[in-house]
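Worksheet: one structure, shown below.
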Amino acid sequence: MHSEIPTRTRLSPATSRSWTGPASLQGKRNPRESAERRRADHPRRGPRAKPLSPRGLYVASVGRAWVKARKHDRYYRAAKREGYRSRAAIKLSQIDDRYGVFREGDVVVDLGAAPGGWSQVARERIGPRGRVIAVDLASMSPIEGVELLRGDFVHPDVQARLFEILGEPADVVMSDMAPRLSGNRPYDVARALELADVALAFAERALRPGGTFLVKVFQGEGFRQFLDRTRQSFEGAKVAKPPASSGTSAEVYVLARGRL
């Protein structure tokens, strides 16, 4: 935005002060009187307000973003403090604390497991008699008591291999799979729902009657339809948003219980 530079107004002879010659020709002036006259002729102005510039707006917005990021970073710090590999572990812990996803001795399948935060939480909460099978296309460092399968879960061959490793009905199928975000929200929502559908189809086959399905999705077009499809295969399904999940994010979790 362009600012207008004010034009200096020239005083007319009638209103301007007349020059009366050098002080030496008029006798000495009282210094205090001279100072007072200077102050009267040129009153002091307060500090000029700085114009609001685009840079100022940028700094303010960055400050707000930093405060927001710092607020959520406390969950990252909490995860590191508790020995978890990701903030996602805090989200799962909060969901389990509220809804009771896991039970002692459960058989758990973790889809999209890397880097392993969810598998860590599940391993802790099901006790030594339970099992956790973790699947991801990305490499993942071993976790004691967790069985790892590396591969693209959406590929039928990988799912077949997973059923071989599983060898029994699962009590919990959970999926934190998400697409590589493009910044195009409708596209990202659609891709996330596609992955959720693949996870749902697997859960319908792998879960024992009464089993639990937990999946991450993004709210948007198609979300309600996915929720309805899930409810057709379970006694009930609800939407969960743990405190560690950003309030401005479209990310939510669908928790379905009681596999029919």
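Out of contact with any Asp or Glu (no Cβ under 9 Å at 6 or more places or on another chain) and under 24 Å from Gly258 (Cβ atoms), is that true of Val101?
Taking the combined requirement at face value, the residue satisfies it.
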Failed item, numbered, when Ala196 is tested on (1) part of a loop (DSSP other than H, G, I, E, B); (2) touching a residue at least 12 places away in the same chain (Cβ under 8 Å): (1)
Filtering the range 182-228 down to residues that are β-branched (Val, Ile, Thr) and surrounded by fewer than 22 Cβ atoms within 10 Å (Cβ to Cβ), which residue is nearest to Ala250 (Cα to Cα)? Val189
Residue within the range 122-144 that is on the phi < 0 side of the Ramachandran plot, among the hydrophobic types (A, V, I, L, M, F, W, C) and part of a helix (DSSP H, G or I) present: yes
Among all residue pairs at least 6 apart or on different chains, which show Cβ distances below 7 Å where the first residue, located in the range 67-95, is among the charged types (D, E, K, R) and the second is assigned to a loop (DSSP other than H, G, I, E, B) and at pLDDT 80 or above? Arg85/Pro115; Arg85/Gly116; Arg87/Ala244; Lys91/Pro242; Lys91/Ala244; Lys91/Ser245
Does Lys216 meet the test of being basic (Lys, Arg), farther than 22 Å from Ala134 by Cβ and not in a helix (DSSP H, G or I)? no
Out of Val217, Val252, I need the residue that is in contact (Cβ under 8 Å) with a residue 12 or more places away in the chain, of a type outside the set (Lys, Arg) and under 14 Å from Asp197 (Cβ atoms). Which one? Val217
Being basic (Lys, Arg), free of Cβ contacts under 8 Å to residues at least 24 places away in the same chain and not in a strand (DSSP E or B): is that true of Arg231 here? no
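Matching residues to (1) buried (at least 21 other Cβ atoms within 10 Å of the Cβ); (2) of a type in the set (Asp, Glu); (3) within 21 Å of the chain's Cα centre (by Cα):
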{"position": "Glu82", "(1), (2), (3)": "no, yes, yes"}
{"position": "Arg87", "(1), (2), (3)": "no, no, yes"}
{"position": "Gly100", "(1), (2), (3)": "no, no, no"}
{"position": "Gly112", "(1), (2), (3)": "yes, no, yes"}
{"position": "Pro128", "(1), (2), (3)": "no, no, no"}
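Out of the range 133-146, which residues are surrounded by 14 or more Cβ atoms within 10 Å (Cβ to Cβ) and either within 28 Å of the chain's Cα centre (by Cα) or within 17 Å of Asp176 (Cα to Cα) (or both)? Please lay out each step first, then the result.
Keep residues of the range 133-146 that are surrounded by 14 or more Cβ atoms within 10 Å (Cβ to Cβ), which gives 133-137, 140, 143, 145-146.
Ile133, Ala134, Val135, Asp136, Leu137, Met140, Ile143, Val146 - these are the residues of the range 133-146 that are surrounded by 14 or more Cβ atoms within 10 Å (Cβ to Cβ) and either within 28 Å of the chain's Cα centre (by Cα) or within 17 Å of Asp176 (Cα to Cα) (or both).
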Answer with yes or no whether Glu168 is at pLDDT 95 or above and part of a loop (DSSP other than H, G, I, E, B). yes
Of all the residues that make up the range 147-162, how many are surrounded by 14 or more Cβ atoms within 10 Å (Cβ to Cβ) and part of a helix (DSSP H, G or I)? 4
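The values are calculated or read from the model by the stated rules, or taken from the named source; none is laboratory data. Owing to the predicted nature of the structure, the values given are computational and were not obtained by experimental measurement. Cβ atoms come from the backbone with ideal geometry, glycine included; neighbour counts cover every protein chain shown.
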